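Right, one structure below, let's go through it.
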Amino acid sequence: MSVDVILRMTGSQKAALYQHLFPDDGREAVALALCGRRDGPDRHCLSVCKIELIPYEECDRRADSITWPTGRLFVLFQEAARRGMAVVKLHSHPGGYDQFSVFDDASDKEFFEAAVSWTENPLPHASVIALPCGRMFGRCQSPSGQFQPLELVSIAGDSIEYWFDQPSEFVPEFADRHAQVLGNTTITIMRRLRAVVVGCSGTGSPTVEQFYRLGIGELVLVDPDHVGIENLNRIVNSREADVLRKRPKVHVLERAIHATGLGTTVIALPFDLTDPAVIRQVATCDVIFGCVDSVFARHVLNKLASTYCIPYFDIGVGLKADGNGGISHVSGAINYLQPDGSSLLSRGAFSLDDVQADALRRANPDEYADRVASGYIAGADVARPAVITVNMIFSGLGVFEFLNRLHQMRDDPNAGFAMQRISLSHSFSDVYGDGPRCMVVSRYLGQGDLQPLLGMPELSEAAEVEHGVRD
Ligand SMILES: [Zn+2]
């Protein structure tokens, strides 16, 4: 199987690169990036961790070529070798030439040979061209020594950009009505994206329902639970027979997606997010939707999204019942997290103490129960109230937020909508821009595969043997 190579960066990283690569003098400029890797079986993802701008005065800059000293490159190769990372060379074509030049061919050949020999590792490095229009494209060297285009360059910023190597023009007939709103380009991009929905219950199942009817290319579904009688009030497409057969939620949704026949490919993972094989699969995705209650899972997803440079949407619903059929609060929040921005933690969605308590609940339920009983930690309500109507509102708002960042529909800039908090019972709606960068989460930015995964001892490799999921 051929492996697609993908490059990811944040909106801030792209802005810094573009400021350097296009100084408005009509001449080329060059930069380097150190990238973490997700070395998957069908996708090799490079995530920008650190950028090194090559000063103009060190280069011989022309309108159609650039020569630069390699001293900084070799220092970066050494760091890449030590950390199992990749080096990406980026330069501009200020005239908009949208191909590699003959000069680039010679330069890249030397670059790739030097990369392999300095890092003593056959895994890919990349060379990227930036165009004034904002498009970036690139290539790596295949194992047989040929140039291989990067399948995708993605940017997770206030807007989310996906630049495929070979843009497709095909809009399927079923998508015609929503293509009129979102535009054909957005539809063709979505047709090739791999999205993951973690949590396939109350807010997860309507999110999945929207994604495949919008024509998303691939859906990864993660949820370890099977359908219970208590889920029939809100899991879209679940049936009584699923309860009787204890069918996993991910398989219920997979069945509906296949039966509808709109061509979405499904990877159904009936396992916990903290299974290392699941983490690695999620890390290959182009966008993450978190539809989970667990504080620990939300924190893990936030870290994962930073570590592998993926845009992350978190959907949360809060219903407080008074126990007598009355209600004290109906609210929800949509958070969009950029890999180098603020985090759920720094936004105050939860604290590190909450994360640790939830981790304890998962790892050692007896000790957790003891601590709750003795009042050291507040217990989680495992049978919280849930109403499908409320779930669907916030699931819809979450997917709408993603669509706006692909193809803006609202008047106000995306930057002001990092967090939306809406109360349906108390009639308020607040939106907030991104806060300061979270130093707990975003210090993992672009680091890629770590040992242990995400730098978290809880994600050791022991669990994967049990499930037999491999990549
Ligand atoms: Zn060039």
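A short reminder: the numbers here are calculations on the coordinates, not readings from a lab. Please read all numbers here as calculations on a predicted model, not as lab measurements. As a convention, Cβ positions derive from the backbone with ideal geometry for all residues, glycine included, and neighbour counts pool all protein chains shown.
Structure data summary
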quantity	calculated
Around Arg410: net Lys/Arg minus Asp/Glu count, Cβ-Cβ under 13 Å	-3
Alpha-carbon centroids, the stretch 438-458 and the stretch 237-264: separation in whole Å	34
Vicinal HN-Hα couplings computed from phi for the stretch 225-233 (Karplus, 6.51 cos²θ - 1.76 cosθ + 1.60; Hz; Gly/Pro x)	8, 9, 6, x, 4, 6, 8, 5, 6
Cα gyration tensor category, rounded, prolate or oblate, for the stretch 313-471 with a/c compared to 1.5	oblate
Sequence-separation-based contact order of the chain, relative, with Cα cut under 8 Å and 6+ spacing, percent	15
Rg followed by Dmax, in Å, when the stretch 4-164 is reduced to its Cα trace	14.4, 43
Label-to-label distance, nm, for residues given as Ala363 and Ser351 (7 Å Cα→Cβ offset)	2.0
Extension gain from Val440 to Arg410, taking 0.36 nm per residue of separation minus the Cα-Cα distance	7.6 nm
Sequence ranges 139-151, 327-339, ranked by mean other-Cβ count within 10 angstrom, highest first	327-339, 139-151
Value of relative contact order over the stretch 4-164, rounded to a whole percent, pairs C-alpha under 8 Å and six or more apart	26
Length-normalised contact order of the stretch 110-231 in % [C-alpha pairs under 8 Å, at least 6 apart]	14
In the chain, lysine pairs with alpha-carbon atoms under 24 angstrom apart (chain gap of 8 or more, or interchain)	7
Sequence of Tyr444, Tyr432, Tyr368 once ranked by neighbouring C-beta atoms within 10 Å, starting from the fewest	Tyr432, Tyr368, Tyr444
Selection from Ser442, His426, Ser460 lying farthest towards where the dipole of the stretch 365-462 points positive, charges on Cβ	His426
Calculated FRET value between Ser460 and Glu57, using beta carbons and R₀ = 51 Å, to 0.05	0.60
Estimated distance in nm for a label pair at Gln166 and Tyr97, the labels positioned 7 Å out from Cα along Cα-to-Cβ	2.4
Inter-label distance for Ile229 and Asn121, nm, one decimal - labels placed 7 Å from Cα along Cα-to-Cβ	5.4
In range of the label at Asp105: residues from the stretch 125-149 whose backbone nitrogen is under 14 Å from the point 7 Å along Cα→Cβ	146-148
Gain upon complete extension [Val431, Leu450; 0.36 nm per residue less C-alpha separation]	3.4 nm
Helical contribution to [θ] at 222 nm, DSSP H n ≥ 4, -39,500 (n - 2.57), averaged over the chain, rounded to 500	-9500 deg cm²/dmol
Estimated D of the chain in µm² per second, where Rh is the Kirkwood radius over Cα pairs and Stokes-Einstein applies at 37 °C, 0.692 mPa s	140
Within the stretch 301-320, backbone nitrogen closer than 17 Å to the virtual label 7 Å beyond the Cα of Leu397 toward Cβ	313-320
Gain on full stretching of the segment that runs from Ile267 to Ile388 - 0.36 nm per residue minus C-alpha separation	41.1 nm
